Amino acid sequence: MDELIYKLKQQIIEALNLEDMKPEDIDDNASLFGEGLGLDSIDALELIVMMEKNYGIKLQDPAQGKEIFKSVAVMADFIAKNRTK
Amino acid sequence: MIKHQVYISPNEVKVNGKSLTINGCGSTILTELYRSQVGDYPKFFKMDTLSKVGFIASELLLNAEGYRGFEPREDRAVIFFNRNASLQADTHYQSTIQNPENYFPSPAAFVYTLPNIVTGEIAIRNKYFGETSFMVIDDFDEKIIMKNLENAFQDPITKSIIGGWVDCSDEEHFEARIFLMEKDN
């Protein structure tokens, strides 16, 4: 799981152009939106595309993102359970 | 009356006619200028090249003006012109949907597929609630630009304009010639 979390952080940084950030700067349990990483609604859509592209996970209901994108740890757990590639 | 002006090309940056020292060339100067002159707006890294050019040019212009209050105001408009609309962002977005085997439309690329997004970026950054518009014309034409900007002063609210030319055909070909203009009394 630690390996997946680290890789996921790298992919988030790349997908969202978080230029000045390193994986080490992202807390596993910190909120991705609002106070945490401060991501916005376009970033959420980009994360949905990223999950489909890299892990073959297609979210049927975008509202699911609210739960899944709570933190990198929650996201990694969801990916581990649902990935098809 | 024009109060301040900024010129940016891939190998030259001038503020009020005075050249700034830059080390790189091409699109790297935009990041270089962001780091040396701005530094506190990471959303810059998400922008397309046109928005980066317009954003950096506006930051240099407003730094030259001096006071950066970031208080909400309605009396300042942002009105730009160019030739290539949002061509670079359009091409980038197209690349994300070109291959049916690798079809992943990027929302972050799509949001920049309109040139007027750059005026919005500047308005959001500075809390401007006045007019914003972006007009696409054949070529840089000072007469057309000035006429449109003077017309913008006809409303009773606008007292100053960040206006001029912001064009980009790809990451290595761009130009900003913008200025801060105030209404004559």
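The values are calculated or read from the model by the stated rules, or taken from the named source; none is laboratory data. As the structure is a computational prediction, the values presented were derived from the model and not from experiment. Note that each Cβ is placed from the backbone with ideal geometry, even for glycine, and that neighbours are counted across all protein chains shown.
The criterion of at least 2 residues that are β-branched (Val, Ile, Thr) is met, among strands (runs of 3 or more DSSP E) falling completely within region B:117-185, by B:132-136, B:160-170. Does region B:90-131 hold any residues that are in contact (Cβ under 8 Å) with a residue 12 or more places away in the chain and of a type in the set (D, E, K, R), and which are they? B:Asp90, B:Glu121, B:Arg125, B:Lys127, B:Glu131, listed by residue number. For region B:45-63, which residues satisfy the criterion of being surrounded by fewer than 20 Cβ atoms within 10 Å (Cβ to Cβ) and either among the aromatic types (Phe, Trp, Tyr) or closer than 13 Å to B:Ile8 by Cβ (or both)? If the condition is that a residue be surrounded by fewer than 20 Cβ atoms within 10 Å (Cβ to Cβ) and either among the aromatic types (Phe, Trp, Tyr) or closer than 13 Å to B:Ile8 by Cβ (or both), then B:Phe45 is the only one that fits. Counting only residues that are of a type in the set (Gly, Ala, Ser) and touching an Asp or Glu at 6+ places or on another chain (Cβ under 7 Å), region B:55-79 holds 1 of them.
Between B:Gly24, B:Gly39, B:Gly66, B:Gly17, the distinction of being free of Cβ contacts under 8 Å to residues at least 24 places away in the same chain and under 15 Å from B:Phe174 (Cα atoms) belongs to B:Gly24 only. Scanning region A:16-30 for residues that are surrounded by 15 or more Cβ atoms within 10 Å (Cβ to Cβ), modelled with pLDDT of 90 or more and more than 8 Å from every other protein chain (Cβ to nearest Cβ) gives A:Pro23, A:Ile26, A:Asp28. Determine whether region B:21-30 contains at least one residue that is out of contact with any strand residue (DSSP E or B) (no Cβ under 7 Å at 6 or more places or on another chain), within 14 Å of chain A (Cβ to nearest Cβ), under 28 Å from A:Lys22 (Cβ atoms) and assigned to a helix (DSSP H, G or I). Checked against the condition, which is being out of contact with any strand residue (DSSP E or B) (no Cβ under 7 Å at 6 or more places or on another chain), within 14 Å of chain A (Cβ to nearest Cβ), under 28 Å from A:Lys22 (Cβ atoms) and assigned to a helix (DSSP H, G or I), region B:21-30 yields at least one hit. Candidates in region A:57-85 are the residues that are in contact (Cβ under 8 Å) with a residue 60 or more places away in the chain and of a type in the set (A, V, I, L, M); of these, the one that is surrounded by the fewest Cβ atoms within 10 Å (Cβ to Cβ) is A:Ala80. Flag not set for A:Leu8, criterion: more than 12 Å from chain B (Cβ to nearest Cβ), closer than 21 Å to A:Lys85 by Cα, more than 10 Å from the chain's Cα centre (by Cα) and in contact (Cβ under 8 Å) with a residue 60 or more places away in the chain. With respect to the conditions (1) within 14 Å of chain B (Cβ to nearest Cβ); (2) in a helix (DSSP H, G or I); (3) without any contact (Cβ under 8 Å) to a residue 40 or more places away in the chain, A:Asn54 lacks only one, and its number is (3).
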